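**Q** One structure, pasted below without further comment.
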Amino acid sequence: MKLYSKILASGSYLPKKILSNSDLEKMVDTSDEWIVSRSGIKERRIAAENETTSDMAYAAAMDVIAASKLNPSQLDLILVATSSADIIFPATACLIQKRLGLTNIPAFDLQAACTGFLYAITTADAFIKSAAYKNILVVGVDTVSRFIDYKDRNTCVLFGDGAGAVILQASNEPGIICNEIHADGSGEEVLNVKGHLYNGAVRGNPYMYMDGKAVYKMAVRNLAEVAASVLNKSGHTTDQIDWFIPHQANLRIIESTAAHLNIPMEKVITTVDKHGNTSAASVPLALDHAIKSGKVKRGDLLLLEGVGAGFTWGASLIQF
Ligand SMILES: CC(C)(COP(=O)(O)OP(=O)(O)OC[C@H]1O[C@@H](n2cnc3c(N)ncnc32)[C@H](O)[C@@H]1OP(=O)(O)O)[C@@H](O)C(=O)NCCC(=O)NCCS
């Protein structure tokens, strides 16, 4: 009998502090009108000074575990997608494993910037399909604010912090139908954080650099292509999709991708206005909000998409 990875439950966490466009107007030369018209973002959440990526990941993990009704001891693997781990090692996944009171299951981080969650569910799906594991906790989390220069208006208005999570469970009923992930390392210079530890000090720019126009073009082109490919491979058409849940980077990118795919905006989940771009957390946060608000229902066909630094990009077609 065929094995699928089914989304058993979802969870999320957002820091309390809201950074609004009017707050940003006091910090850099920008305006609410500029930010909303270019990105659709009205506010974003920022982690407290003493709040870490693993704190947010743990909160989202507790939320999804509660929703799943599983006991943490039933988890077989923890996978965390992040590019803002608290420390170089141990991995964020190990830090939350400890807080969940687990000592005997594998736990690791993977890094694909804003596409991290798509990479993580693709990896988890392969483990489930190979019958290696039955219940996998997948978290997408980022504290992007840690490497944003709040004097740089090109980047600081677009990003926020948060965490989202799912538990994927082995099932004979359709769940994840098709995944596709891509990378093109020639995009390195267009979106990066090059700072790193060297000989006891930070070497290189510790803040994000972004060529917004280049990223925009790459995002729209690749997202439309990968979505069409996933649909094609699995024999589905866009009109069968109940909900399109794209990476929440920018409303214009989302609208443009939806238009390319002929998906009406009524079928598109958007949280970018309230969350900004939360990198690896963006897709699972949007998914969790759509599930908890009652929009996404059991049996619905979902198209998830991600795009980010690397460049990396990917899509998943999922029956919820
Ligand atoms: C960044 C982005 C919103 C800019 O929009 P745009 O349409 O390219 O920008 P415009 O051409 O209208 O404006 C550029 C000008 O606005 C200025 N500008 C940049 N940020 C600004 C801000 N926050 N407020 C006001 N002006 C700003 C620039 O300095 C530039 O000024 P100049 O023309 O004098 O050099 C857009 O390119 C984008 O969304 N890119 C993708 C970003 C993204 O999603 N990254 C993450 C991917 S995972």
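**Q** Among (1) away from the ligand (no atom under 16 Å from the Cβ); (2) among the small types (Gly, Ala, Ser); (3) under 16 Å from the mean Cα position of the chain (by Cα); (4) assigned to a loop (DSSP other than H, G, I, E, B), there is one condition residue 249 misses while meeting the rest; what is its number?
**A** (1)
**Q** While we're here: Has segment 34-48 got at least one residue that is farther than 17 Å from residue 160 by Cβ and more than 13 Å from the ligand (Cβ to nearest atom)?
**A** No, segment 34-48 contains no residue that is farther than 17 Å from residue 160 by Cβ and more than 13 Å from the ligand (Cβ to nearest atom).
**Q** Ok, one more. Any idea which of 156, 178 is under 20 Å from the mean Cα position of the chain (by Cα), under 22 Å from residue 29 (Cβ atoms) and either exposed (fewer than 14 other Cβ atoms within 10 Å of the Cβ) or of a type outside the set (A, V, I, L, M) (or both)?
**A** None of the other options fit; the residue is 156.
**Q** Can you give me the ranges of the strands (runs of 3 or more DSSP E) entirely in segment 28-137 with at least 1 residues that are more than 26 Å from residue 195 (Cβ to Cβ) and among the acidic types (Asp, Glu)?
**A** 43-46
**Q** Mind checking whether some residue in segment 6-22 is in a helix (DSSP H, G or I) and within 16 Å of the ligand (Cβ to nearest atom)?
**A** Within segment 6-22 (the criterion being in a helix (DSSP H, G or I) and within 16 Å of the ligand (Cβ to nearest atom)), the answer is yes, since at least one residue qualifies.
**Q** State whether the residues of segment 197-210 include one that is free of Cβ contacts under 8 Å to residues at least 60 places away in the same chain, in contact with a helix residue (DSSP H, G or I) (Cβ under 6 Å, 6 or more places away or on another chain), in a helix (DSSP H, G or I) and of a type outside the set (D, E, K, R).
**A** No, that holds for no residue.
**Q** Moving to a separate point now. Of all residues in segment 153-181, which are within 14 Å of the ligand (Cβ to nearest atom) and not in a loop (DSSP other than H, G, I, E, B)?
**A** Answer for segment 153-181, where residues must be within 14 Å of the ligand (Cβ to nearest atom) and not in a loop (DSSP other than H, G, I, E, B): 153, 154, 155, 156, 159.
**Q** Here is a further query. Listed residues 309, 214, 224, 286; which is surrounded by fewer than 15 Cβ atoms within 10 Å (Cβ to Cβ), out of contact with any Phe, Trp or Tyr (no Cβ under 9 Å at 6 or more places or on another chain) and in contact (Cβ under 8 Å) with a residue 12 or more places away in the chain?
**A** Step by step, each of 309, 214, 224, 286 is checked, and only 214 is surrounded by fewer than 15 Cβ atoms within 10 Å (Cβ to Cβ), out of contact with any Phe, Trp or Tyr (no Cβ under 9 Å at 6 or more places or on another chain) and in contact (Cβ under 8 Å) with a residue 12 or more places away in the chain.
**Q** Residue check, residue 150 against (1) crowded, with 17+ Cβ neighbours inside 10 Å; (2) among the hydroxyl-bearing types (Ser, Thr, Tyr); (3) assigned to a loop (DSSP other than H, G, I, E, B), all met but one. Which one?
**A** Against the list (1) crowded, with 17+ Cβ neighbours inside 10 Å; (2) among the hydroxyl-bearing types (Ser, Thr, Tyr); (3) assigned to a loop (DSSP other than H, G, I, E, B), residue 150 comes up short only on (1).
**Q** Take the residues in segment 200-242 that are of a type in the set (Ser, Thr, Tyr) and within 12 Å of the ligand (Cβ to nearest atom); name whichever of them is farthest from residue 176 (Cα to Cα).
**A** Checked segment 200-242; the qualifying residue farthest from residue 176 (Cα to Cα) is 209.
**Q** Still on this structure, I have one more. Do we find a residue being outside any helix (DSSP H, G or I), more than 16 Å from the ligand (Cβ to nearest atom) and surrounded by 20 or more Cβ atoms within 10 Å (Cβ to Cβ) anywhere in segment 138-146?
**A** Yes, segment 138-146 contains a residue that is outside any helix (DSSP H, G or I), more than 16 Å from the ligand (Cβ to nearest atom) and surrounded by 20 or more Cβ atoms within 10 Å (Cβ to Cβ).
**Q** So, one more: State all residues of segment 32-73 that are of a type in the set (Asp, Glu), touching a residue at least 24 places away in the same chain (Cβ under 8 Å) and out of contact with any Leu (no Cβ under 8 Å at 6 or more places or on another chain); if no residue qualifies, say none.
**A** 51, 63
**Q** Please verify whether segment 275-296 includes one or more residues that are of a type in the set (Val, Ile, Thr), farther than 21 Å from residue 213 by Cα, within 16 Å of the ligand (Cβ to nearest atom) and out of contact with any His (no Cβ under 9 Å at 6 or more places or on another chain).
**A** There is no residue in segment 275-296 that is of a type in the set (Val, Ile, Thr), farther than 21 Å from residue 213 by Cα, within 16 Å of the ligand (Cβ to nearest atom) and out of contact with any His (no Cβ under 9 Å at 6 or more places or on another chain).
**Q** Is it the case that segment 240-256 has a residue that's more than 29 Å from residue 14 (Cβ to Cβ), surrounded by fewer than 17 Cβ atoms within 10 Å (Cβ to Cβ) and at pLDDT 95 or above?
**A** Scanning segment 240-256 turns up at least one residue that is more than 29 Å from residue 14 (Cβ to Cβ), surrounded by fewer than 17 Cβ atoms within 10 Å (Cβ to Cβ) and at pLDDT 95 or above.
The values are calculated or read from the model by the stated rules, or taken from the named source; none is laboratory data. For clarity, every value in this text was computed on a predicted model and none was experimentally measured. FYI the Cβ positions are ideal-geometry reconstructions off the backbone, even for glycines, and counts take in every protein chain you see.
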